[in-house]
Amino acid sequence: MNSTPLSHEETIVTSQQLLERAQILYEFVDLFSQYESTPRNYGWTENLTMNEVHLLAKIDSEPGICSVDLVDVFHRSKGYISRITKKLEAGGYIIRVADKQDAKRQLLFLTPSGKKLCTAHADFDERTLIKTYQYLRRDCTPEEIEAFHKVMQVYINIMNAASRKHRAAKKRRGEKTPTGSE
């Protein structure tokens, strides 16, 4: 980590570059948000969004997970998770089972159709990720791609820390602290 202070001139140039680069990040986030909320066919009967199918995949990887846990995992509101789980349940992809220790708590499990959809989605993801990597390799070295992923992980860490700090401050002030956001 480099902690050498910048000169005034370097700070001005760096600030301008950072603003330009931030615009690239904002555009990426906007485009990715559109991509993840666009319904698509994952090789199964119904078109679902990336958010919906990834939530289904999480239920597959953790059978018996409850909605409250999904709120934390996906950084989304209870209402958002509730809408998706209701849609997945109506589509016949998941079932809810009352927790034997806490009747208010609903555990989520995949149905056979949900399992088939998860398998189809995993195949879709693998093909898409390989194709995306091949596109990236046209203009980027493996080291540049790895550096990008490292930077993204640091951004995630920064954002998670800021979110925790924000929730703690609201809690100290006695305000409601809903987990996640839409």
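Just so you know, all these numbers are worked out from the coordinates, no wet-lab data involved. Being a predicted model, the structure only gives us computed values, none of them experimental. Quick reminder, even Gly has a Cβ in these numbers, built from the backbone with ideal geometry, and neighbours come from all protein chains shown.
Once R0 is set to 25 Å, what does the formula 1/(1 + (r/R0)^6) return for the Cβ-Cβ distance between R96 and V73, expressed as a FRET efficiency to the nearest 0.05? Intermediate results must be reported in sequence, preceding the final value.
Working: r = 17 Å, r/R0 = 0.69.
Rounded to the nearest 0.05, the efficiency is 0.90.
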Packing-based ranking, highest mean first, of 147-153, 79-85 given that Cβ atoms within 10 Å are counted: 79-85, 147-153
How far, in degrees from 0 to 90, does helix 8-36 lean away from the longest principal axis of the Cα atoms of the chain, to the nearest 10? 20 degrees
Net charge (Lys, Arg +1; Asp, Glu -1) of residues whose beta-carbon lies under 10 Å from that of M50, M50 excluded, is -2
Provide the three semi-axes, in whole Å and in decreasing order, of the ellipsoid equivalent to the chain as defined by the square roots of 5 times the Cα gyration tensor eigenvalues. 36, 25, 13
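Hey, fewest Cβ within 10 Å first, where do F28, F74 land in order? Walk me through the numbers on the way to the answer.
Values: F28 11, F74 17.
By the 10 Å Cβ count, ascending, the order reads F28, F74.
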With angles folded into 0 to 90 degrees, how steeply does helix 142-172 sit against the dominant principal axis of the chain? Use alpha carbons for both and round to 10. 70 degrees
Between helix 78-90 and the chain, what is the angle of the helix's C-alpha long axis to the longest principal axis, kept within 0 to 90° and rounded to the nearest 10? 50 degrees
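Most exposed first by the Cβ proxy, i.e. fewest other Cβ within 10 Å, how do T132, T4, T49 rank?
Values: T132 10, T4 5, T49 16.
Going from sparsest to densest Cβ surroundings: T4, T132, T49.
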For segment 10-98, with +1 on Lys and Arg beta carbons and -1 on Asp and Glu, the positive-most of L48, T11, G91 along the dipole: G91
Mind jotting down a quarter of the surface of the convex hull over the alpha carbons of segment 107-151, in square nanometres, one decimal? 4.7 nm²
Residue span A161 to T141: 0.36 nm per residue of separation minus Cα-Cα distance leaves a gain in nm of 4.1 nm
For the residues T11, T111, what sequence is obtained by ranking on other C-beta atoms within 10 Å, fewest first? T11, T111
Using label points projected 7 Å from each Cα along Cα→Cβ, tell me how many nm separate H8 and Q153, to one decimal. 4.0 nm
Inter-site label distance for A120 and E20 at 7 Å from Cα along Cβ, in nm: 4.6 nm
